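For reference, the structure discussed in these notes is given below.
The values are calculated or read from the model by the stated rules, or taken from the named source; none is laboratory data. Please read these numbers as outputs of a predicted model, since none were measured by experiment. In this analysis, Cβ positions are derived from the backbone assuming ideal geometry, glycine residues included, and neighbour counts consider all displayed protein chains. Just so you know, the surface numbers come from the protein's heavy atoms only, side chains and all, with ligands and any DNA or RNA stripped out. Shrake-Rupley method; radii C 1.70, N 1.55, O 1.52, S 1.80 Å.
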Amino acid sequence: MSSTMKKRQLSLASAFIIGLVGLGPSATTSHAQCDPLMTFTAESANDGFGSSLANAGDVNNDGFSDLIIGAADLGAGRAYVYSGQTGELLYSFTGEATGDLFGVTVDGAGDVNNDGFADVIIGASRNNAGGEDAGKAYIYSGQTGNMLYSFEGNSNNNLGSHVSGAGDINNDGNDDFIVFKTFDFVSDTLITSGWARVYSGKTGDVLLEYPSYLHYSLTSAGDINNDGYDDLISGSSYYKSMYAPDSVGVGLSVTYSGKTGEILQSFAGELEGERIGASATGAGDLDKDGFDDIVYGMGSLGNTEAFVRSGQTGEVLFTFRSVENSGQYSDAFGGKVAAAGDVNSDGFPDIIVGAPFTNFGGKFTGRAYVFSGRTGGLLYSITGASDTSLVGWKISGAGDINNDGFADIMLLAKNSAGDGISTVSIYSRCSCCDTPGDANNDGAFNIADITAGIATIFSGAQTATCQDEADANGDNSFNIADVTLGIARIFNGASAPTCGATSQ
């Protein structure tokens, strides 16, 4: 065939495909081709292992990020700190008494005492040292394992129901931390709804305090206003429910200046039951404008979404929607969100969104989705292996635990093998690319993928596309260039598509 005829055929094929825009099938998701880098297993069935999990920072100062996992139902409760380099157990901390729920929440605290070793913070919301269900929070040294600080509540405070690292919000060289108490009671009468306090890592003094009725969580947002101080983000999925006792709230997400405590941004839900802010955290600087951005999700029982907003302007950068809601009412997509770090090593931080009630391959197997911070496209998803695995219920970035330049993620599977034993697995350099260029995920690369690709790009459904699968030219982005290459491949014998950078 002459080159003129080939060009004419390619042109006619392009025109034919463009005429099909909007008629072809939309692209669907594919789950990851990815084995865990390492897996940690519960000591016994139903012991609460994975009640909470987090990147602990470099606890043993070996140059690798480490991990912390809580097991709140193991008698008094327990928290485990594991080496990211080897997977060995570095520390095991145990609650003071049965029923403490020690480990119900855990986090890396940063370097609280400025000794070069990352420290950890653990909550025990049912500890009775200060009265029934007073609660307690503990900060432990990464260097020695010794307790650096502890804080206890009064009766029914449930102090330690949420704890978090705050970053260095007062810029004194010591990382700071956050402790919640849920309620304040006097003579069994509810006086206030408690508070969220930010404590100085250097002195243990209170730096900032917020009424907790506004918050379900409070954690580091990064430096969203670019003033050199770490800021804070809160979420309250039940916000405004106080005005309507039978409601579940519209929800609220608020960002605060770490320097002054003032509100920088505030986003409330628009409809009853949306529960904006069910999960909220800093996302890193996704749009490369020098301002860190934020991500928060919805806890709605209906339509579910997660949003990324600019730290500089507050505008929505990406909206992630439930792309495979297989439940009768909701897959809980967006009920959990987390910063993933740069999982595909393209220079942009990425996002994890959980959908624990997904019924894919079983009842409530659950699924966790990882989205590109560069394009908003789906990089990959991971699905639970058995009924009630609820993958996506607890999610976290893990840091780059193997130092290969790709950030890793950690996911809980509550019932990983159908035997009640929970596992927490670390995933690295995953890809959902089985057949490069296969935009509609039918196992073959053909003309239907060109149609699906065009429909996806021009219908605004890009988040429903497995980016690696559809990225025909392997540049770690799915766009019209991939459709063009696909046409050239099918009609002109061009080189075969390749997978994106995450699978190389």
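Label separation (Thr260 vs Asp172): 2.1 nm, computed from points 7 Å beyond Cα along the C-beta direction. Sparse packing (at most 13 other Cβ atoms within 10 Å of the Cβ) combined with a DSSP loop state is found for none of the chymotrypsin sites (Phe, Trp or Tyr not before Pro) in segment 76-147.
Within the shell defined by Cβ-Cβ distances under 9 Å, the residues around Gly48 carry a net charge of -1, with Lys and Arg each +1 and Asp and Glu each -1.
Surface composition of segment 271-409: carbon plus sulfur atoms contribute 50% of the solvent-accessible area (1.4 Å probe, protein chains only, all chains present).
In whole percent, how big is the carbon plus sulfur part of the accessible area of segment 73-202, probe 1.4 Å, protein atoms only? About 43 percent, which is the carbon plus sulfur part of the accessible surface. In terms of packing, defined here as the mean over residues of other Cβ atoms within 10 angstrom, the peptides 144-152, 482-490, 105-113 line up highest first as 105-113, 482-490, 144-152. Among the GluC sites (Glu not before Pro) within segment 76-141, those in coil by DSSP and having at most 13 neighbouring Cβ atoms inside 10 Å are Glu88, Glu132. Amide H contacts of Gly273 (H built 1.01 Å from N, in plane; Pro and chain starts excluded): Val248, Gly249, Val250 sit under 5 Å, all sequence-distant by 5 or more or on other chains. Would you mind checking Lys136/Lys363; Lys202/Lys414; Lys202/Lys288; Lys288/Lys414; Lys181/Lys202; Lys259/Lys394 for any pair whose Cα atoms are more than 28 angstrom apart? Cα-Cα > 28 Å for Lys136/Lys363; Lys202/Lys414; Lys202/Lys288; Lys288/Lys414; Lys259/Lys394; rest within.
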